[in-house]
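Down below is the structure, laid out as structure tokens.
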Amino acid sequence: MSERFKDLPEEKQISILKAAMEVFARYEYKKASTDLIASRAGVSKGLLFYYFRNKKDLYLTVYEYVKQIITEGVADSRLLEITDFFELVTYATMKKIRILADNPYIVEFSVRSFYSDKEEISGDLKLKSKEVIAQNYHQYFSKVDFYKFKENVNPFELFKMMIWLVDGYVHEKQMNNEPLCLETISSVFANWTGMLKQIAYKEEYL
């Protein structure tokens, strides 16, 4: 994020970021028009590029903004108190789904960024996604009771797999233009965790 953009009032920053998120959510990166973003944000295209070096810089700034929204919405004091792996993943996932259900452009933007391929920003996004997953795991799973796991199970690999399950589920709903129903997702996720717990936990902790 450029210093010029950071010097703007917060309200104006959010207005520009939300406009960019909407356009990047509706169109693939190459076809997302900076003219349309500027129009939605109520600024000139020249001013938009005064705040950002280029389209890629703007996109990655929106990515960080979306990450911040989700992190702030999910990471609360309760999250840091949970010691059971599956309870923690379930709690965080349901909070994330609530955010996505209330913010459709975040869903669309996240799906496009997650499945981005052969775009100018693809390499950066893949690197950032790996970093975010690792950071979240080390930050929020530090108090988890890992002794519950079987010796041949890698909790971090299981964590990544559960992220892929949820993202894939959300992506499918998005592709079929179906709403995110919290009750349905909660039921589906409970089935997943039940099966995975049988595979991952020692018998005495089932």
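The values are calculated or read from the model by the stated rules, or taken from the named source; none is laboratory data. Computed from a predicted model, the values in this text were never measured in an experiment. Virtual Cβ from ideal backbone geometry, glycine too; neighbours counted across all protein chains shown. Just so you know, the surface numbers come from the protein's heavy atoms only, side chains and all, with ligands and any DNA or RNA stripped out. Shrake-Rupley method; radii C 1.70, N 1.55, O 1.52, S 1.80 Å.
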- Task: Filter the GluC sites (Glu not before Pro) in region 1-99 down to the DSSP loop ones having no more than 13 other Cβ atoms within 10 Å, then list what survives.
- Result: GLU28, GLU81
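Starting from the Cα gyration tensor of region 124-172, take the square roots of the eigenvalues, sort them a ≥ b ≥ c, and report rounded, prolate or oblate (rounded when a/c is under 1.5, otherwise prolate if a/b is larger than b/c, else oblate). Working shown, then result.
Numbers: a/c = 2.35, a/b = 1.47, b/c = 1.60.
Cα axes put region 124-172 in the oblate bin.
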- Message: Please enumerate, by chain and number, the lysines with C-alpha under 27 Å from the C-alpha of LYS126, excluding those fewer than 8 residues away in the same chain.
- Response: LYS6, LYS18, LYS30, LYS31, LYS55, LYS56, LYS67, LYS95, LYS96, LYS118, LYS160, LYS173
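Looking at the square roots a ≥ b ≥ c of the eigenvalues of the Cα gyration tensor of region 96-206, which shape do they give, rounded for a/c under 1.5, prolate if a/b is larger than b/c, or oblate?
Working: a/c = 2.36, a/b = 1.40, b/c = 1.68.
Cα axes put region 96-206 in the oblate bin.
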- Dividing the convex hull volume of the Cα atoms of region 1-42 by its residue count, what figure in Å³ per residue is obtained? 71
- Estimated distance in nm for a label pair at LEU206 and GLU11, the labels positioned 7 Å out from Cα along Cα-to-Cβ: 5.8
- From phi via Karplus (6.51, -1.76, 1.60), per-residue ³J(HN,Hα) for region 87-99 in Hz, x at Gly/Pro: 5, 5, 4, 5, 4, 5, 5, 5, 5, 5, 4, 4, 5
- Using amide H atoms built 1.01 Å from N in the peptide plane, name the residues 5+ places from TYR201, or on other chains, whose amide H lies under 5 Å from its own. LYS150
- Cα extents of region 1-74 along the three principal axes, largest first (Å): 35, 29, 19
- Sorted largest first, extent of region 78-148 alpha carbons per principal axis (Å): 42, 27, 16
- Could you give the length gained on full extension between GLN135 and GLU183, defined as 0.36 nm per residue of separation minus the Cα-Cα distance, in nm? 14.4 nm
- So what is the accessible area of region 77-206 per residue, in Å², with the probe set to 1.4 Å? 59
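Give the Rg/Rh ratio for region 28-106, taking Rg as the radius of gyration of the Cα atoms and Rh as the Kirkwood radius, to two decimals.
Numbers: Rg = 17.1 Å, Rh = 14.9 Å.
Result for region 28-106 is an Rg/Rh of 1.15.
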- Message: With θ taken as phi - 60° and the coefficients 6.51, -1.76 and 1.60, list the Karplus ³J(HN,Hα) couplings across region 165-175 in order, rounded to whole Hz; mark glycine and proline as x.
- Response: 4, 5, 4, x, 5, 5, 4, 4, 4, 5, 5
- Given 0.36 nm per residue, what is the gain on full extension from MET94 to ALA190 after removing their alpha carbon distance, in nm? 33.5 nm
- Item | More than 26 angstrom apart: percent of Cα pairs within the chain | 41
